[in-house]
Each structure stands twice: as C-alpha cells, then as structure tokens.
Amino acid sequence: MLRYTFPFYLLLTDTILASEEKGGMPQLNPESFSSQIFWLIILFIVLFLINHFFFLPKIKKIRNKREETIQSYLDEAKKLNDSFNSLVEKMNKEFNEAKMEQNTLIKKAFEENKKIFDKKILEINNDFEEKKSQLNSDIEKNKELISNELPKLCVNLSDNLYEKIMGEKNKGSVSDFKKIVGDDR
C-alpha cells in the first residue's frame, strides 16, 4: 500500500508547489486587474444603456398609463359623487316640500273636520235642548194633569176598596179628599 501512496503523494506535492508559484487565485493576480476593470466598465456601460434606453422607457410608459387610468377613474368617481350629491339634495328638497304640503293638507282637513264636528255638536246640542224643553213641557203638563186627576183617582180607588171590603157603596167627594190631605187649592 505504501507503494501506491508514495507516487500519489509526490504528484500532489508537485501540483501544490506549482500552484503556489503561480501566485494563488487568478482573480487576485495583479497582472489581470487591468483587463478585469476594462471588462467590468464595458459590462456596466452596456447594462446601463440597455436599462436606460430599453427597460426604463417601458416602465415610464406603464407608470404614466397607470397614473392616467387612476386619474380618469378619480375624475369619473368625482363626477358620479357630485351627481349623487345633487340627486340627494334634490330628493331631500322634494321630500321636505312634499312633507310641508302633506302637513298643510292634513291641517286643512283637520280644520274642515273640526268645523263639521263643531257644527254637528251644535246641531246635536240644539236638538237635545229642544227635546229637553219638549220633555220638560210634557212633564209639566203630565204633572199638572196628574195633580188635577189624582184626587178623582184616589176617591174612585177608595170607593172601590170600600165597596170590596165593606160590601156597600159609598160615594166620596174630591173636596172631602182635599180636606183630608190638607191641600186646599
């Protein structure tokens, strides 16, 4: 096994020593700095020009179109909002006018109904007063009639009772009845 490892070891040491003599990594070799800087500047200039003249105008165009679209939507929304506000104001105005008109109609109908009601109440009161005075006069007439007829009725009743109880007929007089009651009119 030692036989095989020794040549491998010699080969590996030669490779390591050769790379140390070249100066290490080629990126860090100062001899290649000028070419690296040249290609770096060329690459950045090309990338800058491509970005500036190709991608940036497209981005600006998209951004401007976006701003125009947003502004047009904002303008349209403002117009719609203004028209909506004017419609709301118009509706409120019409509602208030209708409300006032309705209130006047209700007040007018109430006043007319109150007049009709008062007129009916007056008619009913007058009719009631007429009936009351008619009834009072009828009561007075009946009272007078009863007071005039009461003695006769009482005398007839007492005669009938006397006849039924005693079995004999007796005729009483109204003047005797008035003397007994104490009413000498």
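Numerical summary
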item	result
Label-zone membership for the range 134-160, site residue 170, 7 angstrom Cα→C-beta point, backbone N under 12 Å	158-160
Helix 56-166 axis, angle to the chain major axis (alpha carbon atoms, nearest 10°)	10
Residue-averaged [θ]222 nm for the chain, counting only DSSP H segments that reach four residues, each worth -39500 (n - 2.57)	-31500 deg cm²/dmol
Descending Cα extents along the principal axes, the range 53-181, whole Å	157, 30, 16
Dipole magnitude of the chain, debye to nearest 20 (Cβ charges: Lys/Arg +1, Asp/Glu -1, about Cα centre)	380
Simple Cβ-charge dipole of the range 59-127, Lys/Arg +1 and Asp/Glu -1, about Cα centre, in debye nearest 20	640
Most fluctuating residue given options 42, 121, 106, as computed from a GNM of the chain linking Cα atoms under 10 Å	42
Listed residues 27, 134, 71, most fluctuating in the chain (Gaussian network, C-alpha, under 10 Å)	27
The chain: relative contact order as a whole-number percent, Cα under 8 Å and 6+ apart	7
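FYI, it's all coordinate maths here, none of it is from the lab. Just so you know, these numbers come straight off a predicted model, no measurement behind them. Every residue, glycine as well, gets a Cβ built from its backbone with ideal geometry; the counts of neighbours run over all protein chains shown.
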